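Presented below is the structure to which this report refers.
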Amino acid sequence: MKRYSLLFLVFLLLLLTTACNNEPQVKVETIISPISDEGYGRVGGTKDLNDPKQEDFKVLKFKFFMENTNAVTDRQIEIDVDWRNTLNSIDGVDRYWHGSGGEQDNPSENFAEYQQEVVFYAKGLSEEDIKKAFEDSKVTVSWTDNKELVEKQYIIPDLIEFKE
């Protein structure tokens, strides 16, 4: 009987700890990977490039997801990234090829989601060149929780993962 009481107490403490946590769950990722065969087939516009190859192109996928409780109010999300200009500013070469994105951020819902996918010309760029280009890019999230303003920043170059 003592064992069940102890187990119940641990479960109750865990439940209370989880229920009292109003901190939003935030996930931010930026992944750069090789372009697929299908993706490369849609690249187009490469006539001005010197002997373009599939391995010269990369895909950047940015995902932001935030989920919060009803205790969080006045949620603000600022994604300070200009994908096109950042990639084109690396070395004067037009590197941004095409991109698409979407978002869902309704104040009445307890989540927000932003996505961006960019195909870019990466020939001659190192991982460090790409990270350096995004050094001023960040995501700033703020909210009010129990009348206290909370703000967090996520620095894009710190989040970039390179996949092969």
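The values are calculated or read from the model by the stated rules, or taken from the named source; none is laboratory data. Only a predicted model underlies this, so the values are computations on that prediction, with no experimental measurement involved. As a convention, Cβ positions derive from the backbone with ideal geometry for all residues, glycine included, and neighbour counts pool all protein chains shown. Calculation scope for accessible area: heavy atoms of the full protein, side chains included, ligands and nucleic acids excluded. Shrake-Rupley method; radii C 1.70, N 1.55, O 1.52, S 1.80 Å.
Brief remarks on what is shown
- Of VAL150, VAL141, VAL26, the residue with the greatest mean-square motion in the GNM of the chain, using alpha carbon springs below 10 Å, is VAL150.
- Percent carbon-and-sulfur accessible area, the chain, ignoring ligands, DNA and RNA, probe 1.4 Å: 49
- The length gained on full extension between LYS132 and GLN153, counted as 0.36 nm times the residue separation minus their Cα-Cα distance, comes to 5.8 nm.
- Radius 15 Å from Cβ of LEU149, net charge of other residues (Lys, Arg +1; Asp, Glu -1): -3
- Rounded to the nearest 10 degrees, the inclination of helix 2-19 to the longest alpha-carbon principal axis of the chain is 50 degrees.
- Taking amide H as placed 1.01 Å from N in the peptide plane, SER137 has its amide H under 5 Å from the amide H of ILE156, each at least 5 places away in sequence or on another chain.
- Top of SER36, SER108, SER100 by mean-square fluctuation, Gaussian network on the chain, Cα under 10 Å: SER108
- For ALA71, neighbours were defined as the other residues whose beta-carbon sits under 10 Å from its Cβ, and their charges (Lys and Arg +1, Asp and Glu -1) total -2.
- Cβ-based net charge around GLY102, under 11 Å, with every Lys or Arg adding one and every Asp or Glu removing one: -3
- Gaussian network model of the chain, springs between alpha carbon atoms under 10 Å - residue of GLU38, GLU103, GLU29 with greatest fluctuation: GLU38
- Based on the Kirkwood approach, the hydrodynamic radius assigned to the chain is 18.6 Å, with every pair of different Cα atoms included.
- Over 25 Å apart at the Cα level, from the set LYS47/LYS131; LYS47/LYS163; LYS47/LYS132; LYS63/LYS147; LYS27/LYS132; LYS63/LYS132, are LYS47/LYS131; LYS47/LYS163; LYS47/LYS132; LYS63/LYS147.
- Å² per residue, accessible surface of the range 101-164 at 1.4 Å: 61
- Taking every C-alpha pair closer than 8 Å and separated by at least 6 residues, the mean separation divided by the residue count of the chain gives a relative contact order of 27 percent.
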